[in-house]
Amino acid sequence: MHGIQVVPQARGLDSYSPGLSIEEIKEKYGLSQVIKMASNENPLGTSPVVRDSLASNAEFAFRYPRSGNPELRKALASFLGIPSTCIVPGNGSDEIIDALIRILARPGVDNICAFSPCFSIYSLQSRLSGVEFRQAELDSSLCFDWEKLLDLTDEYTRIVFVTNPDNPSGYSVFSEEIVHLAQKLPAGCALIVDEAYADFARDVNRISVIPQLEKLGNVVVLRTFSKLFGLAGMRLGYGVMPEDLADCLLRVKLPFSVNILADQAGQAALRDGDFYAETRRVVLAGREYLQGHLEDLGCRVWPSQANFIMFTPPLSGRAVFRGLLERGIIVRPLDSYGFADSLRVSVGTEWENERFVFSMREIIHAG
Ligand SMILES: *Cc1c(COP(=O)(O)O)cnc(C)c1O
């Protein structure tokens with residue numbers, strides 16, 4: 001019998017481990033109501049302006065989108081105050097990560113560097129491409145150790161990934177540090193700064209490196225509609241990069257990866273300033289509330305500028321995770337990030353945050 005041969009790097013990879021779904025947990029624990037605080041989604045749901053856009057564009061689902069999504073690029077350009085020629089939309093920022101790895105790094109020759117732990121898509125897609133992936137440990141308070149990261153790089157380093165604010169810790173640095181790193185990288189190496197959570201920072205403008213991109217020349221910024229804009233299920237993200245790289249990426253990426261509804265939904269989301277402001281208000285207040293209560297309950301809490309909080313409970317992380325599931329609350333265990341004792345909770349609505357704290361109190365007092 002004939003068989004089908006798969007490249008070896010595709011066999012060895014573990015798949016991305018997503019948060020548990022609400023339906024799974026309802027079934028398993030016989031619950032009628034489940035709160036998901038595991039995947040850093042927007043606690044307010046989908047913006048009403050986006051819903052209207054989706055409804056009124058439903059009739060165009062039979063059409064191909066315009067290749068390269070020119071209207072969306074223009075809308076993003078005016079939202080960010082940069083030229084549209086620097087912007088490449090993708091099917092989530094995941095698609096941009098994957099495409100950049102494939103056009104920047106040569107399999108079996110080049111390497112890619114990042115901190116450990118980091119967002120697993122960087123390593124999964126590097127390895128799938130046959131590119132060596134090197135990691136520098138974060139320091140003990142989960143801060144960035146730039147020297148350690150730079151020590152990993154050499155003349156074959158084509159990409160350095162940094163997530164700012166970081167996932168899962170929520171740690172962030174001001175853009176000056178990113179600029180310094182960019183200036184010290186080997187020639188030809190791109191610094192990819194993943195700003196998926198930058199919109200949740202107290203002071204976005206001090207964290208984001210987008211305003212300095214023009215003068216740097218070797219930096220790419222990734223942004224997503226999945227978190228603050230509440231469009232995780234639509235799959236929409238983008239990269240901001242030097243014009244010649246954007247031009248190359250647009251020519252080689254799959255032409256219709258951003259579908260017609262996502263394209264329109266993204267433009268609608270950018271118009272809905274009220275939803276943006278309300279999401280920020282709810283998340284910043286909720287973050288402070290959760291931080292304070294978790295500390296009061298004896299947890300170690302990592303200071304976060306994102307829409308989630310990493311914490312280490314005074315009982316075993318696994319036991320707390322299970323206790324929360326039994327009470328209908330899904331958070332994210334961090335075993336896959338190498339922190340078996342810690343959990344990550346996404347900031348929810350006021351009511352969800354209160355339910356979470358109430359359940360945490362029950363679990364910790366019983367333990
Ligand atoms: C959630 C997240 C993203 C967003 O990915 P999408 O593909 O745009 O949904 C990117 N980077 C990090 C670190 C994230 O946590």
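Rule-based calculations on the coordinates, nothing more; no lab input. None of the values given here were measured: they were computed from a predicted structure. Heads up, the Cβs are rebuilt from the backbone with ideal geometry, glycines too, and the neighbour counts pull from every protein chain shown.
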Completion exercise
Per-residue Cβ contact counts at 10 Å, fewest first, order H180, H293 as H180, H293
Problem - Ranked packing of 104-110, 332-338, 35-41, most packed first, by mean Cβ within 10 Å - result: 35-41, 332-338, 104-110
Fill in the blank from the handout: Here FRET efficiency (C-beta to C-beta, W351 to Y156, R₀ 56 Å, nearest 0.05) is 0.60
Handout entry: Cα gyration tensor, the range 1-122 - rounded (a/c under 1.5), prolate or oblate
Key = oblate
Exercise for the section: Would you work out which of V220, L297, V50 lies farthest towards the positive end of the dipole of the chain, given +1 charges on the beta-carbon of Lys and Arg and -1 on that of Asp and Glu, about the Cα centre? Expected result: V50
Exercise for the section: Evaluate the distance, in nm, between pseudo-label points positioned 7 Å from the Cα of S56 and of L13 along their respective Cα→Cβ axes. Expected result: 4.0 nm
Exercise for the section: Quick one: work out the % antiparallel among DSSP beta bridges in the chain, nearest 5. Expected result: 45 percent
Problem - Convex hull projection area averaged over all views, the range 277-367, Cα basis, nm² - result: 5.4 nm²
Practice task
Jot down the radius of gyration and Dmax of the range 74-165, Cα atoms only, both in angstrom.
Solution key: 14.8, 43
Exercise for the section: Determine the percent antiparallel among the DSSP beta bridges restricted to the range 150-288, to the nearest 5. Expected result: 30 percent
Problem - Rg in Å to one decimal, and Dmax rounded to a whole Å, for the chain via C-alpha atoms - result: 20.8, 65
Problem - Span from the the range 216-286 Cα centroid across to the the range 312-365 one, whole angstrom - result: 30 Å
Practice task
Evaluate the Debye formula for the range 172-308 with equal point scatterers sitting on the alpha carbons, no solvent, and hand back log10 of I(q)/I(0) at q = 0.13, 0.17 Å⁻¹, in q order, two decimals.
Solution key: -0.70, -1.06
Completion exercise
Taking Cα pairs closer than 8 Å and at least 6 residues apart, the relative contact order of the chain in percent is 23 percent
Exercise for the section: Arrange the following residues from fewest to most other Cβ atoms within 10 Å of their Cβ: W351, W146. Expected result: W351, W146
Problem - Cα gyration tensor shape of the range 118-162, rounded if a/c is under 1.5, else prolate or oblate by comparing a/b with b/c - result: oblate
Handout entry: For the chain: lysine pairs under 27 Å (alpha-carbon distance), excluding those fewer than 8 apart on one chain
Key = 12
Exercise for the section: Please list the non-local residues whose amide H lies under 5 Å from the amide H of V209, H modeled 1.01 Å from N, same-chain partners needing a gap of 5 or more. Expected result: none
Exercise for the section: Neighbouring Cβ atoms within 10 Å as the yardstick, rank K148, K253, K28 fewest first. Expected result: K28, K148, K253
